[in-house]
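The values are calculated or read from the model by the stated rules, or taken from the named source; none is laboratory data. Note that the coordinates shown come from a computational prediction; the quantities given were computed from them, not determined experimentally. Positions of Cβ are backbone-derived with ideal geometry, glycine not excepted, and every protein chain shown enters the neighbour counts.
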Amino acid sequence: MEEHTSSGGSIGPETSQPRMFRAPGPLEPVQLPWTWASVQLKEAYNYWIATTRPDGRPHSRPVWGVWLDETFYFNTVSQAAQNLATNPAITIHLESGSSVVIIEGVGETVSDPLLVQRLVHLSSQKYHGIMESNWLSEPFHAVRPHLAFGWIADALGRDGGAYFQGTATRWRFR
């Protein structure tokens with residue numbers, strides 16, 4: 001795997017093709033650039049998160065969030081927040097099943113008040129001011145990707161998975 005340097009000089013994640021089922025099709029594998037995934041994460045409206053309960057059972061739910069500086073931020077006091085306090089491992093997935101981005105990482109509580117203020121502002125802009133006042137007291141969580149997956153698929157499956165297989169990409173972060 002090789003590292004890629006962006007135009008800003010920062011080193012991006014290592015890119016490779018993940019091990020997945022092999023679909024028949026004429027497409028040659030094309031690795032998606034991390035910039036594609038980053039745009040999908042920034043433009044998404046709803047995100048799904050998956051955490052693990054203290055007794056080991058999975059828990060998933062939709063959340064609103066903000067993608068900022070290669071980090072996903074969301075706030076909640078739900079079961080997910082309790083789960084992250086016990087086990088900070090988390091997976092974030094976009095709603096789409098055809099333009100897929102999945103992030104695996106560790107959730108951390110955001111303690112910087114200036115960052116929280118910025119996140120509240122960005123969330124309010126993104127969600128058209130639909131931020132209830134009690135949400136401002138909920139802690140924000142930050143998730144920096146350790147591993148991410150992405151692909152594009154024919155939503156109707158007419159290609160037998162070939163397009164999906166041709167674009168399946170894995171990004172590993174250091």
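Inside the stretch 123-160, residues that are modelled with pLDDT of 70 or more, over 20 Å from the mean Cα position of the chain (by Cα) and aromatic (Phe, Trp, Tyr) make up a count of 0. Here is the figure for the stretch 26-75: residues that are more than 14 Å from the chain's Cα centre (by Cα), farther than 19 Å from residue 14 by Cβ and touching a residue at least 24 places away in the same chain (Cβ under 8 Å) total 8.
Filtering the stretch 1-51 to residues that are surrounded by 15 or more Cβ atoms within 10 Å (Cβ to Cβ), β-branched (Val, Ile, Thr) and at pLDDT 90 or above leaves 49, 51.
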